[in-house]
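Before any comments, here is the structure.
The values are calculated or read from the model by the stated rules, or taken from the named source; none is laboratory data. What you are looking at is a predicted structure, and each value in this text was computed from that prediction instead of being measured. Every residue, glycine as well, gets a Cβ built from its backbone with ideal geometry; the counts of neighbours run over all protein chains shown. Note: accessible area is taken over every heavy atom of the protein model, side chains too, but ligands, DNA and RNA are not part of it. Shrake-Rupley method; radii C 1.70, N 1.55, O 1.52, S 1.80 Å.
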Amino acid sequence: YDKSGCRDSDPSKGCIRLEDALSDWECSCTFTTIITAAGNPSPIEGPTGFGTNTLCDPLLTSGDAEGWWDCLSSPEAGPVVVGNWWFNQDAANGAFVFEEGSVCGVIDGTELDSRTRFQLWEHKYKNMRLDKFTEFKVGYDVVSPSTSSNSNQGYLNIYMRTSETSTAYYDCRFDFLVPTDDDEDSGELLVDQDKQKGNSASHSSGDSNGCAESTTIKEYLAANSNAVLGVGNVEVYAFVLNTGSTNENNVDLKTCWSDITITTTDGGDETYVDIYEFTTLPSGVFN
């Protein structure tokens, strides 16, 4: 039996052959993609977003979006985009540093809103139906806590809209916090459709569309059956990893992220697993 290039006789492709009482055969396939983001260990300071990169922004204003993105990924621009992850896109007072096996957010400012943002700009997740999302998993290590505030060591944002046609920047944002436990400063944050949120916010004008009332992605999906992942307009991200937090002085905080896994389905018998790994480039080698 052959489905989308996956044969039941080839278990190396993740196929599991199942026999039911009528001796019919089905093929359940898992497709895994490993993306290695290799970066220079020199710190990437923020912000690096729109209007802050004089080298690349003229390409964007001229309408060359692809050239602009390539520029952000080039050595001349830092680079500030590595493996489709955009570092510190709109946050100051922090830096990203590549280490072997991880990438770390380091807070070097004492101002409020001192944090780093680590955004995945990946087109496949923009407007993906929310019911196809299975889980987001990431390893975390709080290398050094903030010497000023310990309320948030790090957290994951997931952005959602009520439907693909929603004109809001986003209709709902769920925050999933890294556990703050004096005895456990490293571990794995796993978010699936049943994971309880930490906080939520709506960008729509006073219309939460069930955002505030829902405690899990599954509940938000029940309230919005056509919900999709991602923010709106020209920006292309649904997942953001944050070190530090808003409205706080998070100086000296260093949190490292590793082994990011995003699992989705096609709504049927195919599962897609994207694994993001991090490493450093050899000395003298640049992206």
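Can you pull the percent of the chain's accessible area that's carbon plus sulfur, 1.4 Å probe, other chains left in place? Whole-percent figure for carbon plus sulfur exposure: 48. Taken over the Cα atoms of the chain, the convex hull encloses 168 Å³ per residue. Taking all Cα pairs closer than 8 Å and separated by 6 or more residues, the relative contact order of the chain comes to 27 percent. Accessible surface for T271 stands near 40 Å², nearest 10, in the context of the full protein assembly shown (1.4 Å probe). Each principal axis of the Cα atoms in region 39-167 has its own extent, and those three values, largest first, are 43, 39, 30 angstrom. Measuring only protein heavy atoms, the 1.4 Å probe finds F174 accessible over about 0 Å². Remark: the chain carries 46 Å² of accessible area per residue (probe radius 1.4 Å; ligands, DNA and RNA excluded).
Working note: 222 nm ellipticity from helices only, DSSP H runs with n ≥ 4, each -39,500 (n - 2.57), summed and divided by the residues of the chain, gives -1500 deg cm²/dmol to the nearest 500.
Percent relative contact order of region 22-180, based on C-alpha pairs within less than 8 angstrom and at least six residues apart? Result for region 22-180 is 16 percent. Taking +1 at the Cβ of each Lys and Arg and -1 at the Cβ of each Asp and Glu, which of F31, N127, N250 sits farthest along the dipole of the chain towards its positive end, judged by Cα position relative to the Cα centre? The Cα lying farthest towards the positive end belongs to N127. In this entry, region 55-114 is assigned a mean projected area of 5.0 nm², taken as a quarter of its C-alpha convex hull surface. Among T265, T54, T33, the order of accessible area from largest down is T54, T33, T265, computed with a 1.4 Å probe on protein heavy atoms. Taking the Cα centre of the chain as reference, the dipole from Cβ charges on Lys and Arg (+1) and Asp and Glu (-1) amounts to some 500 debye.
Volume per residue of the convex hull around the Cα atoms, evaluated for region 99-244, comes out as 130 Å³. Placing unit charges on each Cβ (+1 for Lys and Arg, -1 for Asp and Glu) gives region 60-217 a dipole about its Cα centre, and among V106, N93, G198 the Cα reaching farthest toward its positive end belongs to G198.
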